[in-house]
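The values are calculated or read from the model by the stated rules, or taken from the named source; none is laboratory data. If you're wondering where the values come from, they're calculated on a predicted model, not measured in any experiment. No Cβ is skipped: glycine too gets one built from the backbone with ideal geometry, and neighbour counts run over all protein chains shown.
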Amino acid sequence: MRYAILLMGAPYSDQASHSALRFARAVLARGHQLETVFFYHDGVYNAARLAAPPQDEPHLVDGWITLNAEHGVALQVCIAAALRRGLMDEREASRHGKSGYSVEAPFELTGLGQLVDLGLNCDRLVTFAS
Amino acid sequence: MRDEQTPDGDLLVILRHGPHGTSWLREGLDAALVGAAFGREVALLFMGEGVLALLEGQGPGALGQKGTGPTLEMLEMYDIEALYVEGRAMERYGLEQQDLLLETRCLDAAAIAELVDRNALVLTF
């Protein structure tokens, strides 16, 4: 089955991100396809490249990056939700005159239209939210 | 399974948060507008606290958050005309259709289940 995940909870604030990552691994372990994880609402903070959790806690951002590296799962971040929360890649940072950037590949900034297409094209879109 | 294989609508957005306090309502409406802008058939269902979004006379921009009233008034421009409210929530908040700023259809639990079934994609905010 072709799955996609919509994640709307902030990392480390509530369970949503941990559960989404565990579900993603379970889906792949069962031999299903996971095409995309879409980050919206507070879920966009999962794309923060500067996240530095204590060493005895799971590193969620690295978890998503590993999922992309090992299984080719696309990591799409809603650009409107990201920008207003201070999350932007190098291109957006320069466009907005910012001295640093907070999102980098494999996370990609994209529009909400992608979420709608994703939801309509995969077999199951599973939402994790606070 | 229903006999009809093809759902009536592409996208049902369920809104369960009021207009102030969080950005859930605004970001949910954004998803609906984008869906409609991309030519999808979009319906909105206001459930629970979400029915408060439709109350008349809300001050836009109060409390620092951008108000959602003007966005709701734009729905028609985006051809989003299928608007539903949860009957139980209307009852709980003591609301009637005349209190709302847009024309809606009031649904009971069975009708809501059918609405969910008839849409290809459901996003809940």
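Structure values in brief
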{"item": "Scan of the stretch A:75-129 for residues that are free of Cβ contacts under 8 Å to residues at least 60 places away in the same chain, within 30 Å of residue B:8 (Cβ to Cβ) and in a loop (DSSP other than H, G, I, E, B), ordered by number", "result": "A:111"}
{"item": "Residues being surrounded by fewer than 18 Cβ atoms within 10 Å (Cβ to Cβ) and either within 14 Å of chain A (Cβ to nearest Cβ) or polar (S, T, N, Q) (or both) - total across the stretch B:69-86", "result": "1"}
{"item": "Residue B:123 being in a helix (DSSP H, G or I) and not acidic (Asp, Glu)", "result": "no"}
{"item": "So residue B:95, is it within 14 Å of chain A (Cβ to nearest Cβ) and touching a residue at least 24 places away in the same chain (Cβ under 8 Å)", "result": "no"}
{"item": "Residues located in the stretch B:5-28, provided they are without any contact (Cβ under 8 Å) to a residue 60 or more places away in the chain and closer than 24 Å to residue A:42 by Cβ", "result": "B:18, B:19, B:20, B:21, B:22, B:23, B:26"}
{"item": "Qualifying residue in the stretch A:121-128 (condition: within 10 Å of chain B (Cβ to nearest Cβ) and among the aliphatic types (A, V, I, L, M))", "result": "yes"}
{"item": "Residue count, the stretch A:72-90 (criterion: more than 14 Å from chain B (Cβ to nearest Cβ), more than 13 Å from residue A:36 (Cα to Cα) and surrounded by fewer than 16 Cβ atoms within 10 Å (Cβ to Cβ))", "result": "2"}
{"item": "Scan of the stretch A:51-71 for residues that are exposed (fewer than 11 other Cβ atoms within 10 Å of the Cβ) and not in a helix (DSSP H, G or I), ordered by number", "result": "A:52, A:54, A:55, A:56, A:57"}
{"item": "Whichever residue in the stretch B:106-125 is more than 14 Å from chain A (Cβ to nearest Cβ) and touching a strand residue (DSSP E or B) at 6+ places or on another chain (Cβ under 7 Å) and, among such residues, is surrounded by the fewest Cβ atoms within 10 Å (Cβ to Cβ)", "result": "B:118"}
{"item": "Odd one out for residue A:38 among (1) within 13 Å of chain B (Cβ to nearest Cβ); (2) assigned to a loop (DSSP other than H, G, I, E, B)", "result": "(2)"}
{"item": "Qualifying positions in the stretch B:42-68 - in contact with an Asp or Glu (Cβ under 9 Å, 6 or more places away or on another chain) and buried (at least 18 other Cβ atoms within 10 Å of the Cβ)", "result": "B:42, B:43, B:45, B:46, B:47, B:50, B:51, B:54"}
{"item": "Matching residues, the stretch B:18-29, being over 19 Å from residue A:39 (Cβ atoms) and surrounded by fewer than 21 Cβ atoms within 10 Å (Cβ to Cβ)", "result": "B:18, B:20, B:21"}
{"item": "Matching entry among B:43, B:32, B:36 (being closer than 17 Å to residue B:85 by Cβ, within 11 Å of chain A (Cβ to nearest Cβ) and not hydroxyl-bearing (Ser, Thr, Tyr))", "result": "B:32"}
{"item": "Filter pass, residue B:92 being over 14 Å from the mean Cα position of the chain (by Cα) and closer than 30 Å to residue A:3 by Cα", "result": "no"}
{"item": "Test: residue A:28 is within 16 Å of residue A:74 (Cβ to Cβ), touching a strand residue (DSSP E or B) at 6+ places or on another chain (Cβ under 7 Å) and either modelled with pLDDT of 95 or more or assigned to a loop (DSSP other than H, G, I, E, B) (or both)", "result": "yes"}
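This table checks each residue for (1) touching an Asp or Glu at 6+ places or on another chain (Cβ under 9 Å); (2) within 14 Å of another protein chain (Cβ to nearest Cβ); (3) crowded, with 19+ Cβ neighbours inside 10 Å.
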{"position": "A:92", "(1), (2), (3)": "no, no, no"}
{"position": "A:98", "(1), (2), (3)": "yes, no, no"}
{"position": "A:105", "(1), (2), (3)": "yes, no, no"}
{"position": "A:112", "(1), (2), (3)": "yes, yes, yes"}
{"position": "A:117", "(1), (2), (3)": "no, yes, no"}
{"position": "A:130", "(1), (2), (3)": "yes, yes, no"}
